[in-house]
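Quick one: this structure, given as structure tokens, is what I'll be asking you about.
The values are calculated or read from the model by the stated rules, or taken from the named source; none is laboratory data. Computed from a prediction, not measured in an experiment: that's the story for all the values here. Heads up, the Cβs are rebuilt from the backbone with ideal geometry, glycines too, and the neighbour counts pull from every protein chain shown. Areas reflect the complete protein model, heavy atoms only, side chains present, ligands, DNA and RNA absent. Shrake-Rupley method; radii C 1.70, N 1.55, O 1.52, S 1.80 Å.
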Amino acid sequence: MQTLYRRLLRLMPRLGVQVTDLGPGTAVVSRRGRRARIPLGPGADLLVRDDGRYSVSDAGKDTWLVLGGEARTAAGPAPEWTGVPLGDTGARLLLDRQADADERRIQLAAAEYLCAQHVAAMLELYGVNCVFDVGANTGQYARRLRRLGYTGRIVSFEPTADAFAKLSKAARDDPDWQVHHCGLGREDTVTSIHTGWKTMNSLLPPSDYGRDRYRRFATTRTEEIEIRRLDGVMEQALAGIEEPRSYLKMDTQGYDLEVFAGAGARIADFVGLQSEVAVLRLYEGSPPMSEAVAAYEAEGFEITGMYPVTREAATGRVVEFDCVMMRAKAAPATD
């Protein structure tokens with residue numbers, strides 16, 4: 001296997017891909033031109049081989065998370081890289097010594113990696129076999145779950161036309177990944193969503209704080225979309241699963257509590273959830289973190305992880321957290 005891997009690395013430059021070998025099972029892959037279609041993120045990405053699977057975490061220009069191992073070449077430690085251990089996880093943050101990687105970006109990249117690892121562990125621990133991916137955008141979250149080894153059903157919801165077209169393409173060859181062209185909310189309706197904000201499209205207008213923070217909020221257009229209640233789509237989503245154990249991921253730019261409310265009594269069917277909760281609100285009318293967490297706790301969910309999504313550069317304040325919560329009563333029995 002190792003010989004085959006080395007041969008593959010030697011072949012890749014012929015396909016328009018530059019490879020920097022960092023040792024057994026680890027390499028930096030940089031795309032050149034348009035011939036190499038490797039959907040790993042912009043610029044150069046880290047590709048790490050682990051028991052036949054590949055994991056990637058792009059932390060920005062010249063910055064990558066290394067999932068295990070040390071940065072080495074055949075001749076010894078790679079002199080152009082510096083590795084920063086991430087606790088006792090076996091993971092390292094690999095930085096180009098020439099890169100201008102600020103502390104804030106490093107922290108957020110590490111938090112994103114740790115959150116993904118934690119979610120994967122919770123899905124396995126609680127035996128989750130169906131993930132509701134609400135606010136799927138182009139399928140980034142679902143693809144990450146697959147890379148992390150989750151093999152159960154994924155049901156993605158995305159209301160905007162452009163993002164849904166890309167989502168459909170991403171899920172095309174995955175038979176257990178459903179996609180639905182609608183948003184979820186408190187009631188079945190048709191409404192308008194603000195678009196043109198990339199991954200931050202929202203049914204809510206930006207707050208004054210949001211406008212000050214993001215220039216993308218200065219201009220907007222709207223698109224008419226369909227909204228469904230979560231409890232109204234669950235039967236179709238879970239069809240064929242004998243004993244559903246569902247997990248609800250919400251990333252709807254200030255609208256998560258509306259999605260949650262639309263589950264009604266069927267929220268009891270979920271063993272866990274993930275919600276982007278706001279400390280500093282980017283959208284007018286979105287709930288503060290304390291209100292959102294209290295609503296989830298009232299339905300029996302308990303926090304298992306909180307990971308910062310964005311920070312203020314000037315103050316260090318966290319803007320939003322990814323909040324992971326599970327029902328402790330739903331955890332498997334231990335001896």
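Within the stretch 282-335, list the trypsin sites (Lys or Arg not before Pro) lying in a DSSP loop whose Cβ has at most 12 other Cβ atoms in a 10 Å radius.
Numbers: sites: Arg311, Arg317, Arg327, Lys329; in loops: Arg317, Arg327.
Those that pass, being in a loop and sparsely packed, are Arg317.
So, one more: Suppose accessible area is computed on protein heavy atoms with a 1.4 Å probe; arrange Val318, Val309 from highest to lowest.
Numbers: Val318 25, Val309 45 Å².
Final ranking, largest accessible area leading: Val309, Val318.
Next up: What ranking do 118-128, 250-260, 178-188 get when scored by the average of other Cβ atoms within 10 Å per residue, highest first? Kindly include the intermediate steps, with their values, before the conclusion.
Values: 118-128: 17.7, 250-260: 24.3, 178-188: 19.5.
Highest-to-lowest ranking by the protection proxy: 250-260, 178-188, 118-128.
Next question. Which Cα, out of Tyr126, Tyr113, Thr138, lies furthest along the positive dipole direction of the stretch 108-266 (beta carbon charges, K/R +1, D/E -1)?
Tyr113
Additional query: For the stretch 266-317, report the accessible area per residue in Å² (1.4 Å probe, heavy atoms, rounded to an integer). If you can, show how the numbers build up before the last one.
Details: 2330 Å² over 52 residues.
About 45 Å² of surface per residue is accessible.
Can you tell me the length gained on complete extension of the stretch Arg211 to Cys182, counting 0.36 nm per residue apart and subtracting the Cα distance?
Numbers: separation 29, 0.36 × 29 = 10.44 nm, distance 2.64 nm.
Contour length minus Cα-Cα distance gives 7.8 nm.
Translational D (Stokes-Einstein, µm²/s) of the stretch 226-288 at 37 °C and 0.692 mPa s when Rh comes from the Kirkwood sum over C-alpha pairs?
Working: Rh = 12.9 Å.
Approximately 255 µm²/s, per Stokes-Einstein.
What is the sum of charges around Ala218, taking Lys and Arg as +1, Asp and Glu as -1, for the other residues whose C-beta is under 11 Å from the C-beta of Ala218? It would help to have the intermediate numbers written out before the result.
On the way: positive: Arg211, Arg215, Arg216; negative: Asp212.
The answer is +2.
What net charge do the residues around Met326 carry, taking every other residue with its C-beta under 13 Å from that of Met326, with Lys and Arg at +1 and Asp and Glu at -1? Display every interim value, and only then the final one.
Values: positive: Arg245, Lys249, Arg327, Lys329; negative: Glu124, Glu297, Glu299, Glu302.
Residues near Met326 contribute 0 overall.
Continuing with this model, one more query. What are the residues whose amide H is under 5 Å from the amide H of Gly305, where those residues sit 5 or more places off or on another chain and H is modelled from the backbone?
Val324
With a sphere of radius 15 Å drawn around the Cβ of Gln178, what net charge do the other residues whose Cβ falls strictly inside it have (Lys, Arg +1; Asp, Glu -1)?
Details: positive: Arg143, Arg146, Arg153, Lys169, Arg172, Arg228, Lys249; negative: Asp133, Glu158, Asp173, Asp174, Asp176, Glu235.
Taking every Cβ under 15 Å from that of Gln178, the sum is +1.
Counting only protein heavy atoms and a 1.4 Å probe, tell me what percentage of the stretch 110-194's accessible area is made up of carbon and sulfur. List each step's numbers first, then the result.
On the way: 1810 of 3610 Å².
Carbon and sulfur: 50 percent of the exposed surface of the stretch 110-194.
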